[in-house]
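**Student:** Before we start, here is the structure in question, set down as structure tokens.
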Amino acid sequence: MNKTFFAAAIFLIAALCTPFAAQAQFAKGEDAIKYRQSALQLMGSHFGRMQPVMKGQIPYDKAAIAANIAILNEVSKLPWAAFGAGTEGGDAKDDIWLDPEGFKKAQDKLTISLKALTAASDAGNFDNLRVAYGEVGASCKACHKAFRKDN
Ligand code: HEC
């Protein structure tokens, strides 16, 4: 094995071992704040647009809701890596950095409620879907109450 090959192999192994979240590097704290606020905006949009269906104002289209929930599942993974050390600010309360475990638990609550929402959507039962939607909303609210300013 020559040296170049060896170095390339080490580099590849290191790259493969780097978790995705660790790649979310930001040059400045304010870049991280902008990034997470953008991701949270997308979450808000893809969560909020389902409300008229849940309220019975427009008919339940199983495929459209499932497609939207798939996007919500993806975007809901994005904000959290942008709350690293030195990124205090925006509407984020300092408690995020004082109580990282509590903040992580609030993220887990969202993940769990989104799993239930996805399952209800896959099953296509509208009543269950509405209950699961309410649970997701409650997990958004719980985190905002604890960790977002003016909530
Ligand atoms: C684990 C905690 C947590 C959860 C869960 C959470 N949020 Fe938030 N959210 C925050 C924090 C913290 C901020 C403020 C971020 C900042 O300004 O840096 C925020 C801000 C926002 C914003 C404003 C973004 C902006 O433009 O400044 C929206 C919209 C939003 N959240 C929607 C949602 C929705 C919808 C859900 C549920 C589907 C949700 N959030 C779940 C913590 C959370």
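The values are calculated or read from the model by the stated rules, or taken from the named source; none is laboratory data. Not measured: the values here are computed from a predicted model. Backbone-built Cβ (ideal geometry, glycine too); neighbour counts: all protein chains shown.
**Student:** Could you check residue 140 against (1) within 24 Å of residue 53 (Cα to Cα); (2) more than 8 Å from the ligand (Cβ to nearest atom) and say which number it fails?
**Tutor:** (2) is the only condition that residue 140 fails.
**Student:** Does residue 60 satisfy the condition of being surrounded by 13 or more Cβ atoms within 10 Å (Cβ to Cβ) and near the ligand (Cβ under 10 Å from one of its atoms)?
**Tutor:** Answer is no for this residue.
**Student:** Look through 116, 146 and report the one residue that is in a helix (DSSP H, G or I), on the phi < 0 side of the Ramachandran plot, within 10 Å of the ligand (Cβ to nearest atom) and modelled with pLDDT of 95 or more.
**Tutor:** Unique residue meeting the criteria: 146.
**Student:** Considering only residues that are more than 9 Å from the ligand (Cβ to nearest atom) and either in contact with a Pro (Cβ under 7 Å, 6 or more places away or on another chain) or assigned to a helix (DSSP H, G or I) (or both), which ones fall in segment 81-101?
**Tutor:** Scanning segment 81-101 gives 81, 95, 97, 98, 100, 101.
**Student:** To continue, here is another question. Does any residue of segment 119-129 turn out to be surrounded by 13 or more Cβ atoms within 10 Å (Cβ to Cβ) and not in a helix (DSSP H, G or I)?
**Tutor:** Looking through segment 119-129, at least one residue is surrounded by 13 or more Cβ atoms within 10 Å (Cβ to Cβ) and not in a helix (DSSP H, G or I).
**Student:** So which pairs qualify, if the first residue must be in segment 82-108 and in contact (Cβ under 8 Å) with a residue 60 or more places away in the chain, the second must be β-branched (Val, Ile, Thr) and near the ligand (Cβ under 8 Å from one of its atoms), the Cβ gap must be under 9 Å, and the two must be at least 6 apart or on different chains?
**Tutor:** If the second residue must be β-branched (Val, Ile, Thr) and near the ligand (Cβ under 8 Å from one of its atoms), the pairs left are 87/33; 89/33.
**Student:** One residue is enough: does segment 127-142 have a residue meeting the conditions touching a Cys at 6+ places or on another chain (Cβ under 9 Å) and of a type in the set (A, V, I, L, M, F, W, C)?
**Tutor:** No, every residue in segment 127-142 fails to be touching a Cys at 6+ places or on another chain (Cβ under 9 Å) and of a type in the set (A, V, I, L, M, F, W, C).
**Student:** Let me ask something additional. Write out, first by first residue and then by second, each pair whose Cβ atoms fall under 8 Å of each other, whose residues are 6+ apart or on separate chains, and whose first residue, in segment 118-133, is closer than 23 Å to residue 43 by Cβ while the second is hydrophobic (A, V, I, L, M, F, W, C) and not in a helix (DSSP H, G or I).
**Tutor:** Close Cβ pairs (under 8 Å, with a partner that is hydrophobic (A, V, I, L, M, F, W, C) and not in a helix (DSSP H, G or I)) amount to 133/50.
**Student:** Conditions: (1) small (Gly, Ala, Ser); (2) under 15 Å from the mean Cα position of the chain (by Cα); (3) not in a helix (DSSP H, G or I). Residue 70 meets all but one. Number of the miss?
**Tutor:** The failed condition is (3).
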